[in-house]
Amino acid sequence: RTILEKRHRPELLAALVALLLSRVDVKSRFEKLVSGATGLEVAVKGDISIGLFPSPSVTLMEVTLGNQESRVASFGEAEVGVRLWPLLRGQVHISRLMLRNVSVAIERDRNGRFNFARPSQVSRAVPAMSLGRLSLARASLRYVSRQSDSEFTATDCNVDANDVRLTEDARLIVLTGP
């Protein structure tokens, strides 16, 4: 018999994946990635857990996005599932993104500037990507316009989308003020 019997292969694979994931500083990489994409300050204030079955995943608790003046979005839990084989090659391919207890607060001041605005408008190419599943659970959105003295609120929303894709020519435009 060999050391690597068929019945031991799943345990060996799980140990290998755990070793690969343990070498990654998930919190700071997530904060840096999302901050770079949105231009907002991102903070993971809660626990982080790593799952291996049925596929590798990372769950982050109490995540906020904002700037020095206000909190723009928060979610109680973010679960990011990744595909195993690309991960073993050092690449991250997201298979699912599930956000729970989502709160988004967008405000526009009297000068037309949004609370998530940066000093100048930025438009950059977004890499082509696909998500097997995008899910928002218990989401709320509040939009306030000080220009028109109007407000819109949506609460307790749930969104499930499968096979979400961004093409190579997609552009991310970050709205900004004057």
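The values are calculated or read from the model by the stated rules, or taken from the named source; none is laboratory data. This is a predicted model, so every value here is computed, not measured. For neighbour counting, all protein chains shown are included, and Cβ atoms are generated from backbone atoms with ideal geometry for every residue, glycine included. Side chains included, ligands, DNA and RNA excluded: accessible areas come from the protein's heavy atoms. Shrake-Rupley method; radii C 1.70, N 1.55, O 1.52, S 1.80 Å.
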Take the stretch 26-47 and flag every residue that is in contact with a helix residue (DSSP H, G or I) (Cβ under 8 Å, 6 or more places away or on another chain) and part of a helix (DSSP H, G or I). none
What's the total number of residues in the stretch 41-58 that are of a type in the set (Ser, Thr, Tyr) and open to solvent by 20 Å² or more (accessible area, probe 1.4 Å)? 2
Kindly evaluate residue 69 against the criterion of being in a helix (DSSP H, G or I) and either out of contact with any helix residue (DSSP H, G or I) (no Cβ under 8 Å at 6 or more places or on another chain) or farther than 24 Å from residue 164 by Cα (or both). no
